[in-house]
Amino acid sequence: MAVSSSAVVQAKPTGPSEVSVVTDVSLKDHTIYRPTSIPDDAPVLVYGEGGCIENGLIDQAMLRQIASQGIVVLATGGPVQFGISTVESLEESLDWAKAENLRPGSPYFGKLDTDAVAVAGWSCGGLQAYELATRRPEVAAIGILNSGQLQPDQAKLDALRAPVLFLLGGPSDVAYTNGVRDFENLPASLPTFLASADHGHIGTRFEKNGGEYADILTDWIKWNIDSDEASSGTFVGADCRLCTDTAWDVRKRNIS
């Protein structure tokens, strides 16, 4: 079912795809942001909302923008819903995507890349993203937005196998210290990129079309899942786009 336009008041996303924001009776307590015409082999992003709140419209500006780039986004929580999500909510998203990709008659039938998916989340949702990534081998890209472990758990960090992107809001971000610590403690061989700018704990999620967070997370997904060369320029090389932007403090490992 399409989400009422009155509930989604946003600037038009700038990607090449029109975006539909919908719910599905077979995926209770989730909101789906998808290209209206789903491309073949579309990447999937499983997304955990901040506060571990089940409200799929909290980050709608950012998620609509990401979907406009050809990515199917499954966000925890139905529209204007206020429950509490768990990592099982994210895992349900992944299981649903895999089932719909195989179900004849589904609008997603044969359209999704469910062998290599992305998982990301803001604040508490970032902690859920960590957890899902340790459970599911399909996770091929991780996004940790204004988040980091509250209590260091080295075993959980050591269990990660997919490249990790940290987006932090500078020293005024309450998650900054934890995120930097996690970056430093990740397995030495894991490709890892940390970008921090003075946006505080909120980041750019509520700016027009999700601001820079939407663009950076999109590039991370398209590079790591689609091997998109243009997107790699945001992260690769001493002259990468974020490396040369003086607003961003960049640290990276195993990314040439």
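Check every one of the strands (runs of 3 or more DSSP E) wholly within the range 1-105 and list those with 3 or more residues that are touching a residue at least 12 places away in the same chain (Cβ under 8 Å) and closer than 17 Å to Val117 by Cβ. Write out each step before concluding.
Numbers: elements: 19-24, 27-35, 44-48, 72-76.
Ranges flagged: 27-35, 44-48, 72-76.
In the set Leu112, Leu27, Leu102, Leu90, which member is surrounded by 22 or more Cβ atoms within 10 Å (Cβ to Cβ) and farther than 25 Å from Gly203 by Cα? It would help to see each step written out before you state the result.
Values: Leu27 fails: surrounded by 22 or more Cβ atoms within 10 Å (Cβ to Cβ); Leu102 fails: surrounded by 22 or more Cβ atoms within 10 Å (Cβ to Cβ); Leu90 fails: farther than 25 Å from Gly203 by Cα.
None of the others qualify; the one that does is Leu112.
With respect to Ser85, determine if the residue is modelled with pLDDT of 95 or more, among the small types (Gly, Ala, Ser) and more than 26 Å from Ile255 (Cα to Cα).
The answer is no for Ser85.
Within the range 113-149, can you find the residues that are under 26 Å from Asp198 (Cβ atoms), out of contact with any strand residue (DSSP E or B) (no Cβ under 6 Å at 6 or more places or on another chain) and either among the β-branched types (Val, Ile, Thr) or part of a helix (DSSP H, G or I) (or both)?
Hits for the range 113-149 are Cys124, Leu127, Tyr130.
Return yes or no: is Lys208 among the basic types (Lys, Arg), surrounded by fewer than 15 Cβ atoms within 10 Å (Cβ to Cβ) and within 22 Å of Ala11 (Cβ to Cβ)?
Numbers: among the basic types (Lys, Arg): yes; surrounded by fewer than 15 Cβ atoms within 10 Å (Cβ to Cβ): yes; within 22 Å of Ala11 (Cβ to Cβ): yes.
When the stated conditions are applied, Lys208 passes them.
Within 25 Å of Asn209 (Cβ to Cβ) and of a type outside the set (D, E, K, R): is that true of Val46 in this structure? Explain how you work it out, then say what you get.
Numbers: within 25 Å of Asn209 (Cβ to Cβ): yes; of a type outside the set (D, E, K, R): yes.
Yes: the conditions hold for Val46.
Among the listed residues Gly148, Gly200, Gly169, Gly179, which satisfies the condition of being crowded, with 20+ Cβ neighbours inside 10 Å, over 30 Å from Pro39 (Cβ atoms) and out of contact with any helix residue (DSSP H, G or I) (no Cβ under 7 Å at 6 or more places or on another chain)? I'd like the intermediate steps shown before the answer.
Values: Gly148 fails: out of contact with any helix residue (DSSP H, G or I) (no Cβ under 7 Å at 6 or more places or on another chain); Gly200 fails: crowded, with 20+ Cβ neighbours inside 10 Å; Gly169 fails: out of contact with any helix residue (DSSP H, G or I) (no Cβ under 7 Å at 6 or more places or on another chain).
Of Gly148, Gly200, Gly169, Gly179, the one residue that is crowded, with 20+ Cβ neighbours inside 10 Å, over 30 Å from Pro39 (Cβ atoms) and out of contact with any helix residue (DSSP H, G or I) (no Cβ under 7 Å at 6 or more places or on another chain) is Gly179.
Mind counting the residues in the range 180-217 that are acidic (Asp, Glu) and in a helix (DSSP H, G or I)? Quick ask: steps written out before the conclusion?
As a first pass, look at the range 180-217 and keep what is acidic (Asp, Glu): 182, 184, 198, 207, 212, 215.
Imposing the further condition that a residue be in a helix (DSSP H, G or I) reduces the set to 182, 184, 212, 215.
Qualifying residue count for the region: 4.
State whether the residues of the range 39-46 include one that is of a type in the set (Asp, Glu), closer than 21 Å to Pro13 by Cα and modelled with pLDDT under 95.
No - not one qualifying residue is present in the range 39-46.
The values are calculated or read from the model by the stated rules, or taken from the named source; none is laboratory data. Note that this is a predicted model, so its numbers are computed, not measured. Here Cβ is always computed from backbone atoms with ideal geometry, including for glycine, and neighbour counts include all displayed protein chains.
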